[in-house]
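The values are calculated or read from the model by the stated rules, or taken from the named source; none is laboratory data. Remember, it's a predicted structure, so these values are computed and weren't measured experimentally. Backbone-built Cβ (ideal geometry, glycine too); neighbour counts: all protein chains shown. Heavy atoms of the whole protein, side chains included, go into the accessibility calculation; ligands, DNA and RNA do not. Shrake-Rupley method; radii C 1.70, N 1.55, O 1.52, S 1.80 Å.
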Amino acid sequence: MPLSWYLYLAAGLFALGLFGAVARKNAVAILMSVELMLNAVNINIVAFWRYLAPAEIGGQIFAIMVFAVAAAEVAVGLALFISIYNSRKTIAADEINLMKW
């Protein structure tokens, strides 16, 4: 399978995630869209690793780091959204204005 197919798949996933992050109002849906974009990044990292330097382990390490960052982001994000939902009874992104003056 050529490298370009992986890049097209990753570009499609990233575009879909970007659209979801921009168009959705639900904070959990936005978080899921960011996860989709991170998975697109992982596809790119693993595809380039496989085609450019398969003998080295750098691509796999970067992918594991992206997985760790994604897991931490989800944990912190869901904790924040649960806290916001308990206090405001909504998780709509346009109604969460805690940081505004």
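Can you give the accessible area per residue of the range 10-60, in Å², using a 1.4 Å probe?
On the way: 3020 Å² over 51 residues.
For the range 10-60, the solvent-accessible area averages 59 Å² per residue.
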Accessible-area composition of the range 13-101, carbon plus sulfur, in percent [1.4 Å probe]: 73 percent
³J(HN,Hα) computed for each position of the range 57-68 - Karplus, 6.51 cos²θ - 1.76 cosθ + 1.60, integer Hz, glycine/proline x: 10, x, x, 5, 5, 4, 5, 5, 5, 5, 4, 5
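Test of understanding: given the chain, find the longest segment containing no trypsin sites (Lys or Arg not before Pro) that are in a DSSP loop and have at most 13 other Cβ atoms within 10 Å.
Numbers: sites that count: 25, 89, 100.
The reported range is 26-88.
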Placed amide H near residue 26: partners under 5 Å, 5+ positions off or other chain: 93
Value of [θ]222 nm, deg cm²/dmol, for the chain, DSSP H segments ≥ 4, -39500 (n - 2.57) each, nearest 500: -27500 deg cm²/dmol
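With the contact rule set at Cα under 8 Å and sequence spacing of 6 or more, what percent relative contact order holds for the chain?
Details: 86 pairs, mean separation 27.9, N = 101.
Normalised by residue count, the contact order of the chain is 28 percent.
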